[in-house]
């Protein structure tokens, strides 16, 4: 029996980068340092300096950019991760039902996915925020309700392939009900694929959250995600360009690491499937 194929080096490197970024954002809560919300009135728009105590500089009202970047990372990563869990629950269930049902039910559910993909997402989110106000739960539902569509398509295709698998046919011949086949056979076999695909959904969720924050549709102050920091930094680009560059660098590094990690995991799964 062949030994399990290890993850590609690029995927392991990206995983290490993500772990370091996440650890830096969360461990900042335990370290003494600058309050991300407290201004230093003696250092307004101060340039980055190791000796001055503000390693990434300060913004126009003296708030430490490093502290705000790490705090923004905690919010962006948390919202992205929670929205991805919402997308996983919706996309996995929807795709499994559509793929296993087949026939007219599958075609109708796929057409519904096409309709949802064509809806103006940003307009719907703006209307929801205007009607119900900005809140964490609404933001999670809005982002998760957007990024689940691609996952549902992938899961549906795999479920359609598995519905003719011998173990599924045997379960049906033994009298297993529709929901029993889903719970006992399809979902356990679809979950690894869905978890691998999360490496591509999570950066999309983070990007959407940052985009909404940049437009001013994120959480209210004092909460500030990377998107909110990018919006603030763009207003101070002439006097304090570091207030834009450092949060943007963290965001780009995180999105790139997740994207390459997702690509590496997908290739790894393809090779494992071919060798199985």
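Data table
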quantity	calculated
FRET efficiency for residue 135 and residue 164, using Cβ-Cβ distance with R0 set to 51 Å, rounded to 0.05	0.70
Centroid-to-centroid separation of segment 236-252 and segment 54-68 [C-alpha atoms, Å]	11
Dimensionless Rg over Rh [the chain; C-alpha; Kirkwood]	1.07
For peptides 61-73, 161-173, sequence by mean Cβ density within 10 Å, most packed first	61-73, 161-173
Folded to 0 to 90 degrees: helix 226-235 orientation relative to the chain principal axis, Cα	40
Helix 136-162 vs. the chain, principal-axis angle (Cα, 0 to 90°, nearest 10)	30
Spin-label model distance (nm) - residue 211 vs residue 124, 7 Å beyond Cα toward Cβ	1.3
Value of [θ]222 nm, deg cm²/dmol, for the chain, DSSP H segments ≥ 4, -39500 (n - 2.57) each, nearest 500	-24000 deg cm²/dmol
Ordering of 147-157, 80-90 by burial proxy (mean other Cβ atoms within 10 Å per residue, highest first)	147-157, 80-90
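Values quoted throughout were computed directly from the atomic coordinates according to the rules given, and no laboratory measurement underlies them. What you see is a predicted model; the values in this text were computed from it and never measured. We place every Cβ from the backbone using ideal geometry, glycine too, and count neighbours over all the protein chains shown.
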